[in-house]
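Written below as structure tokens is the structure these notes are about.
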Amino acid sequence: MAKLKEPIVWEAFEYTYREKTTDWYWAVSIIAVSMAVTSILFNNLLFAIFIVLSFFTLMLYAKRKPHLLQVQLDERGIQEGRVKYAYSSLASFWVEDRFGETKIIMKSKKKTMPYIVIPIVDVDPNIVHDHLKRYL
């Protein structure tokens with residue numbers, strides 16, 4: 001295996017952010033309140049509390065903007081922000097180019113994290129594919 005002289009580096013947002021309309025917030029609120037009231041009517045207070053907490057958590061994450069992360073591919077693994085994925089922890093990969101978005105989809109050997117998706121921005125996907133093919 002030929003060593004990579006310089007790592008492949010780019011910056012990408014951690015996910016694609018879509019602005020939510022007020023209708024979306026109203027719909028989610030109505031559904032959450034309906035579920036909470038229904039669970040109270042069925043004497044399931046614990047589930048009602050769970051629904052309310054889930055609703056507030058969803059609202060916090062819905063407003064959250066994605067962070068810009070640096071992605072780096074080198075001979076030891078893939079680093080996305082502060083998270084490092086060693087090639088030994090990955091089973092396979094696929095470079096996908098659909099709907100104008102290019103991304104790496106990697107299957108992890110860990111049961112709790114089966115797939116890792118990393119967007120590719122301003123880098124030739126063929127270079128990324130050839131590099132990953134050497135290790136996976």
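The values are calculated or read from the model by the stated rules, or taken from the named source; none is laboratory data. Small disclaimer: the values here were computed from a predicted structure and weren't measured. Here Cβ is always computed from backbone atoms with ideal geometry, including for glycine, and neighbour counts include all displayed protein chains. The area values use the complete protein model at the heavy-atom level, side chains included, leaving out ligands, DNA and RNA. Shrake-Rupley method; radii C 1.70, N 1.55, O 1.52, S 1.80 Å.
A few remarks follow.
- The chain: angle of helix 45-63 to the longest principal axis, Cα-based, in degrees nearest 10: 50 degrees
- Rounded accessible area of R98 (nearest 10 Å², 1.4 Å probe): 120 Å²
- Between the helical axis of 22-41 and the longest alpha-carbon principal axis of the chain there is an angle of about 60 degrees.
- Measuring r between the beta carbons of V121 and Y25 and using R0 = 22 Å, the FRET efficiency lands at 0.15.
- Which of D74, D130, D122, D23 is most accessible, then next, and so on - probe 1.4 Å: D122, D23, D130, D74
- Theoretical gain in end-to-end length, D130 to A86 [0.36 nm per residue, Cα-Cα removed]: 14.1 nm
- Dipole check for region 51-136: with +1 at the C-beta of Lys and Arg, -1 at the C-beta of Asp and Glu, and the Cα centre as origin, the magnitude is about 540 Debye.
- Rolling a 1.4 Å probe over the protein heavy atoms of region 1-78, with every protein chain left in place, gives an accessible area that is 67 percent carbon and sulfur.
- Distance between the pseudo-spin-label points of T57 and K5 (7 Å out from Cα toward the beta carbon): 4.9 nm.
- Taking amide H atoms as placed 1.01 Å from N in the peptide plane, the amide H of E14 lies under 5 Å from those of H67, L69, each 5 or more residues away in sequence or on another chain.
- Lysine pairs in the chain whose alpha-carbon atoms fall under 16 angstrom of each other, counting only those eight or more residues apart or on distinct chains, come to 8.
- Once all protein chains are placed together, I40 keeps about 90 Å² accessible to a 1.4 angstrom probe.
- Sequence-distant residues sharing a close amide H with S108 (under 5 Å, placed H): A91, Y115, I116
- Accessible heavy-atom area order of F42, F93, highest first, probe of 1.4 Å: F42, F93
- When I49, I116 are compared by accessible area at a 1.4 angstrom probe, the order from most to least is I49, I116.
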